[in-house]
Amino acid sequence: MKKIVVIVICLLAVTNLLSQSLTISDDGRFIENQEGKPFLWIGDTAWELFHKLDREEAIDYLTIRAKQGFTLIQAVVLAENDGLKIPNSYGEIPLIDLDPEKPNENYFKHVDFIVDKANDLGLVVGLLPTWGDKVFSLHPGAGPVVFNAKNAKTYGEYLGNRYKDKSIVWILGGDRDIANSEVLEVWRAMAKGLHKGDKGSHLITYHPRGGSSSSNFIHNESWLDFNMYQSGHGDKFNKVYQWAETDYLKDPKKPFVDGEPAYEGISVKFWEFCDFKTPKKVPEKVLDDNGIIKDASYFQKGFFTDYDIRVHAYWDFLSGACGYTYGNNAVWQMFKKGGAISIPCIADWYTSLTHDGASQLIHLKKIFEVYSISKLQPDQSIIYGINPHNEEHIRAAKSSEGKWVLIYLSKGQKVKVVMHKVLDKTVIANWYNPKDGTMTAIGEFSNREILEFSPPSSGIGNDWLLILEGKNL
């Protein structure tokens, strides 16, 4: 029962103390702080943070996210939405004459302010030096393409030196895979510049295109400290665990995070319903006068909800990921009523900050602070019988020390458990509700053979976490 007491205490007092620099654990499985404690990556997707929000808005955003239990904010210096030509809230563009070797000091003072405020609140910043459309790719965006190997190194060194003393992680890429060897040289040069500027004090990863992982093409790059995959926005019950399983088996071992799973409030396969050549992306009748969706039926495949957030997050973590980045369709683009539309939204950015999926991540955080990712080992052999790869899929993990087992049931389905994974004669079983963080006692059981457990409720939206732990451990 001691674990339950710890969870209750954690729920009453959330701490977010972070060291300045993050490192990779000795076993290559997770990220840790300077004290050698696991860093639990619960990120938020805020791609347009520096570009769209003024300082008061940024303070509101960061303060809310910190209170919700987020630990990291992913934001882009040279933003996706024409960020080289459209100025920020103070009329500043990032580069003079579109030249990466000529940064605009006034623009970067705004970035400084936001990074400092995030750090003050205990948040690490996952800092993207640029969105991927500023480097050549097979999927052009607003661009323009401004980087080559020479100026990428210079720009990287500038950023590395400027933020060398901040709590950050570098994220290269920006929704693009690497098109060819010349493009790889650009990213290599930027990474080299970052390391020269910050003396190698910060970790580097790479954010790929949807349905891809950095491990697919640069796993063995010496500058890539950990992998990131983008499981994407194509399916409910997306098999995110398959990306995790692949990266878990890579050699050499590197930690990995799901850096862009399905966003809350975005339509499933949104690209099938949007015309990106038009300002509003959809017919006028679909939106209200503020540019907010009023006819949700137009998006025939529905929208991702808080339930999808929970499913993908637990599937990721129990498959060995050391991090999960939440996203909200309105928040990533910082959509304001009447403003420019990247992908049509069901609400504005500020209203969307408190959508259920974001608010519920605090309960996920509490679980993995107690049942630490540093001890977690994926183990599907815990599940007895057929385990389908659909909405009925079950994920399981155990403690490396044999103290506990976690089993996530996406639809509250019955589960048969191979009991000897916990090293004790008696096992205590509890149900944990991912929606509200409540714990329900099941009882004590002899730790042998196979036992069946039935959650308190079942069906779509009724997900549960089964916790088994040794009574005397």
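Would you mention how many residues in the range 327-359 are out of contact with any helix residue (DSSP H, G or I) (no Cβ under 6 Å at 6 or more places or on another chain) and under 26 Å from Asn227 (Cβ atoms)? Total meeting the criteria: 5. Of all residues in the range 99-119, those that are modelled with pLDDT of 95 or more have Cβ atoms under 8 Å from Cβ atoms of residues that are small (Gly, Ala, Ser), 6 or more apart or on another chain, in Pro100/Ala152; His110/Ser89; Phe113/Ala58; Ile114/Ala58; Ile114/Ala75; Lys117/Ala58; Ala118/Ser167; Asn119/Ser167.
Note on the range 405-438: residues that are within 22 Å of Ile386 (Cα to Cα), of a type in the set (Gly, Ala, Ser) and touching a Leu at 6+ places or on another chain (Cβ under 8 Å) total 0.
Tell me, yes or no, whether the range 387-395 has at least one residue that is over 20 Å from Asn238 (Cβ atoms) and outside the structural domain of Cys322 (by TED's automatic domain parsing). Scanning the range 387-395, I find no residue that is over 20 Å from Asn238 (Cβ atoms) and outside the structural domain of Cys322 (by TED's automatic domain parsing), so the answer is no.
Determine, yes or no, whether Thr325 is out of contact with any Phe, Trp or Tyr (no Cβ under 7 Å at 6 or more places or on another chain) and either basic (Lys, Arg) or not in a strand (DSSP E or B) (or both). So Thr325 fails the test. Of all the residues in the range 102-128, those that are surrounded by fewer than 21 Cβ atoms within 10 Å (Cβ to Cβ) and assigned to a strand (DSSP E or B) number 1. Scanning the range 248-264 for residues that are farther than 23 Å from His195 by Cβ, touching a strand residue (DSSP E or B) at 6+ places or on another chain (Cβ under 8 Å) and either of a type in the set (Val, Ile, Thr) or buried (at least 22 other Cβ atoms within 10 Å of the Cβ) (or both) gives Asp258, Glu260, Pro261, Tyr263, Glu264.
The values are calculated or read from the model by the stated rules, or taken from the named source; none is laboratory data. All values derive from a computational prediction rather than experimental measurement. Cβ sites come from the backbone with ideal geometry, for glycine too, and all protein chains shown count toward neighbours.
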